[in-house]
Each structure stands twice: as structure tokens, then as C-alpha cells.
Amino acid sequence: MWGVLAGIFNSIPYFGPVIVTAATSIVAFLQFGDLRMAAIVGGVSLLITSLEGFLLTPWLTSRAARMNAVAIFVGLLFWGWVWNAWGMLLAVPMLMVMKVVCDHVEDFKAFGELLGE
């Protein structure tokens, strides 16, 4: 149950991992009755969601789209900064469209190679 809820909440930018961390910390405190154990469980939960969000997802997306993982990460940061949650949701599709256009337009081939593997 916690895995499914963590997967659903992790799709919410910024607040999803915080909700998962808070919920697992509360449940750990109720189960163990110790603040130290609640902090450890919450910290591990935050570490796992952070690694998944910042490393694993961009890496897997780059392999599926044949795009550079660094370009996807920078694109997520940039479009998330520009348009907040909508930018983070639309960053990868926009980068993929830009890569396809750059691969087919002769003047932009260098930029397409930069976005590619």
C-alpha cells in the first residue's frame, strides 16, 4: 500500500516527496514510539524519492528518448523554474520535439547532437 501511495504522490512535483516523507515518519513514530526511528524512516524515504526523482527518472527517460541525461536534467530545472509544475510536466516532451526538429533542420544539427546521446 505504501509503495503505491508513494508512487502516486511522487508524481506531484515538490510536494509529493514531502507528503510521502511526512506520512512515513508519522507511521514510523506511531509504530515504534521513538522520534529517532521516525527521523530515520523519514530520511530514508526522502533519500529514495530524491534519488529516484533526480537521477533514476532522468537517466531512464534519456535512454528511452535517446537523449542526453544532462540535457533532460537541465531542461527539467529550466522549465520548472520558468513555468513551475507545468514546466516540469512539459519539459521532456518539449525537449524531444526540439531534438527531432533540430535533427531534421540542417542549420540546427549541432544542437540536435548536443541533445542526443
Subject >> the chain: relative contact order as a whole-number percent, Cα under 8 Å and 6+ apart >> reply: 16 percent
Subject >> Of VAL92, VAL20, VAL101, the one that fluctuates the most in a GNM where the chain has Cα springs shorter than 10 Å >> reply: VAL101
Subject >> Förster radius 35 Å - calculated FRET efficiency between PHE108 and ASN84 (Cβ-Cβ, nearest 0.05) >> reply: 0.80
Original post:
For PHE32 and VAL4, what does the FRET efficiency come to when R0 = 30 Å and r is the distance between their Cβ atoms, rounded to the nearest 0.05?
Top reply: 0.85
Original post:
If you take the charge dipole of the chain about its Cα centre, with +1 on Lys and Arg Cβ and -1 on Asp and Glu Cβ, which of LEU35, PHE54, ALA23 is farthest toward its positive end?
Top reply: LEU35
Original post:
How far, in degrees from 0 to 90, does helix 35-51 lean away from the longest principal axis of the Cα atoms of the chain, to the nearest 10?
Top reply: 10 degrees
Subject >> Pairwise FRET efficiency - TRP59 versus VAL18, Cβ, R0 = 25 Å, nearest 0.05 >> reply: 0.60
Original post:
So what's the angle, to the nearest 10 degrees on a 0 to 90 scale, between helix 69-104 and the longest Cα principal axis of the chain?
Top reply: 30 degrees
Subject >> Loop-resident sites, region 11-117, for trypsin sites (Lys or Arg not before Pro), counting at most 14 other Cβ within 10 Å (DSSP) >> reply: ARG66
**OP:** Quote the relative contact order of region 1-65 in percent (integer), defining contacts as alpha-carbon pairs under 8 Å separated by 6+ residues.
**Re:** 25 percent
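Rule-based calculations on the coordinates, nothing more; no lab input. Keep in mind that what you see is a predicted model, and the values were worked out from it rather than measured. Every residue, glycine among them, receives a Cβ derived from its backbone with ideal geometry; neighbour counts consider all protein chains shown.
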